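Everything on this sheet refers to the single structure shown next.
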Amino acid sequence: MKLNIANPASGAQKQLKVEEDSKLRAFYDKRIAAEVAGDVLGDEWKGYVLKIAGGNDKDGFGMKQGVLIPGRCKILMKPGDQGFRGYGRRNGERRRKGVRGCIVSPDLAVLNLVIIKQGPEPIPGLTDKELPKLRGPKRASKIRKLFNLSKEDDVRKYVNIYRRTTEKNGKTYSTAPKIQRLVTPTKLQRKRRVAALKKGKIVKAKTAAAAYQKMLTSRIKEAKERRSESLAKRRARSQSQASDA
């Protein structure tokens, strides 16, 4: 069985191939997130504490937390569940997918472990080196929180820490993450423009409504005047006809 051991403190990772069943017996029948003493792997691991993070069998089926069996089974999943991407599915569609239980068994080909406590002796390639962090926060507020900056500081200067330089076809390319939710003069100007357009639309709508109401009032008044004139003419005509008779 292969053991993938990760050290979150340094960002390093190391893979060990363990054939002795006496060393692997300490991991059997343990669940995901269980803690195991590192002494079982050898004297150099004395004082280390490892946490089981997952694993795969020889066919590539990953362990799933909450499935309390040591073997493989099929469970009903919805898009977004662990082990089921669900891209291009319909809303509410579920599929029955094969997964492996969260209990470690000898059928596993790879077991993922995480160091949660280091021992006195360093492990070559795992705890004796520190890898640079390849990805950092992109949101402006989180960058300020990471570097303890104020709102007056320019966060664009601190993204250069994560800037990568690559060479391709004799040319040097430099890329850095795009800062999200960064307040710039252009953004403020765009915000003022949108607010001004919105205000102009409201004023225009109110002016048009007032003009329409004024026109409607005048037309109703004119219609009443025409009606009263026609009624007066009818009455005068009927009175003249009655006097002639």
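The values are calculated or read from the model by the stated rules, or taken from the named source; none is laboratory data. Just so it is clear, the model here is predicted, and its values are computed rather than measured. Counting neighbours? That spans all protein chains shown, and the Cβs are built from the backbone with ideal geometry, glycine included. The accessibility values were calculated without ligands, DNA or RNA, using every heavy atom of the protein model including side chains. Shrake-Rupley method; radii C 1.70, N 1.55, O 1.52, S 1.80 Å.
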Practice task
Express as a percent, rounded to the nearest 5, the fraction of DSSP beta bridges in the chain (both residues included) that run antiparallel.
Solution key: 80
Fill in the blank from the handout: Note to self: with every protein chain in place and a 1.4 Å probe, the stretch 77-200 gives an accessible area per residue in Å² of 79
Exercise for the section: Measure out, as a whole number of angstrom, how far apart the alpha-carbon centroids of the stretch 80-144 and the stretch 44-77 sit. Expected result: 11
Handout entry: Cα-based helix-to-principal-axis angle, 185-244 vs the chain, degrees rounded to 10
Key = 30
Exercise for the section: Give the calculated FRET efficiency between Lys151 and Val49 to the nearest 0.05, with a Förster radius of 35 Å applied to their Cβ-Cβ distance. Expected result: 0.25
Exercise for the section: Starting from the Cα of Val183, step 7 Å toward the Cβ, then list every residue of the stretch 143-167 with an amide N under 14 Å from that point. Expected result: 144, 150-155
Practice task
Find, to one decimal place in angstroms, the Kirkwood hydrodynamic radius of the stretch 1-125, where the mean of 1/r is taken over every pair of different Cα atoms and then inverted.
Solution key: 15.7
Exercise for the section: May I ask you to give the percent of accessible area on the stretch 25-97 that is carbon plus sulfur, with a probe radius of 1.4 Å? Expected result: 45
Problem - Label-point gap, in nm, between Leu134 and Ser174 - each point 7 angstrom along Cα→Cβ - result: 2.2
